[in-house]
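Notes follow the structure.
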Amino acid sequence: NPLAAIMTAHTLLEQIPLPANGARLTGTIGRQTRHLARLVDDLLDVSRITRGLVELRKERVQLDDVVASAVESQRGLADSLSHRLTVRLAPGLELDGDPTRLEQIVANLLNNAVKYSPPGGSITVELAAEGGRAVLRVSDRGSGIPPELLPRVFELFVQGERGLARTSGGLGLGLTLVKRLVELHGGEVSARSDGAGLGSTF
């Protein structure tokens, strides 16, 4: 696809000695292309899931391994914003699920927490067994969710419409993907927040 060619060209440009302003510009190209690729991937995923075209490739997975892998995928972004990540994972929890899609769920929730927390924020990822079910909680002390938005936070494009996601470069797709993928696994997802500026828990 066109993005693949752009990303390849960027990789080759990085190998060529450039003046300072050239290096800065190629850095911008790289960041924005990766961002665009993620948006396109999310749009395609939403389209596939909505049309029932996503098939889970289920296997027996260790949930703590899945969550740990998702955390590592977001750690660079969290570190760049000086966030404090606290991770508590109960060992031995197993699930028949698609490991790639499960990791996508966790990564999207954590990415959301990272983006909506001010620099130096505190984020907690907790995996536990409660009442015979595996429960994952991703909590932050960031911008929170206004009461009027809370019932609609998992709807497609809601964040973009309300202007919350634009400041962080999103389209309001991540939480819609989370909800659909969780439900495909037979689970449930919910959000809690005491209001704007008071953080949230998913």
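The values are calculated or read from the model by the stated rules, or taken from the named source; none is laboratory data. Being a predicted model, the structure only gives us computed values, none of them experimental. Reconstructed Cβ throughout: ideal geometry from the backbone, glycine too, with neighbour counts over all protein chains shown. The area values use the complete protein model at the heavy-atom level, side chains included, leaving out ligands, DNA and RNA. Shrake-Rupley method; radii C 1.70, N 1.55, O 1.52, S 1.80 Å.
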One would report the antiparallel percent of DSSP beta bridges in the chain, rounded to the nearest 5, as 70
With θ set to phi - 60° and the Karplus curve 6.51 cos²θ - 1.76 cosθ + 1.60, what are the ³J(HN,Hα) couplings of the range 103-109 in order, to the nearest whole Hz, using x for Gly and Pro?
-> 5, 4, 4, 5, 4, 5, 5
Carbon plus sulfur, as percent of the 1.4 Å-probe accessible area of the range 38-117, comes to 48
Select from 92, 131, 30 the residue whose mean-square fluctuation is largest in a Gaussian network model of the chain (Cα-Cα springs shorter than 10 Å).
-> 131
Of 121, 97, 27, the one that fluctuates the most in a GNM where the chain has Cα springs shorter than 10 Å | 27
The chain: most fluctuating residue of 185, 35, 83 per GNM, C-alpha cutoff 10 Å | 35
Provide the per residue accessible area, probe 1.4 Å, for the chain, rounded to a whole number of square angstrom.
-> 56
According to the Cα gyration tensor, what semi-axes, each the square root of 5 times an eigenvalue, does the equivalent ellipsoid of the chain have, listed from largest to smallest in whole Å?
-> 29, 21, 18
So how tilted is helix 63-80 from the main axis of the chain? Cα-based, degrees 0 to 90, rounded to 10.
-> 40
103, 155, reordered so the largest accessible area comes first (probe 1.4 Å) = 155, 103
HN-Hα J in Hz across the range 20-34 - Karplus 6.51, -1.76, 1.60, θ = phi - 60°, x for Gly and Pro | 3, 5, x, 4, 5, 5, 5, x, 5, 4, x, 4, 6, 5, 4
Subtracting the Cα-Cα distance from 0.36 nm times the residue separation, let me have the gained length for residue 43 to residue 31 in nm, one decimal.
-> 2.5 nm
PRE reach from residue 62 (point 7 Å along Cα→Cβ): which of the range 95-133 fall under 20 Å by backbone N?
-> 95-107, 125-130, 133
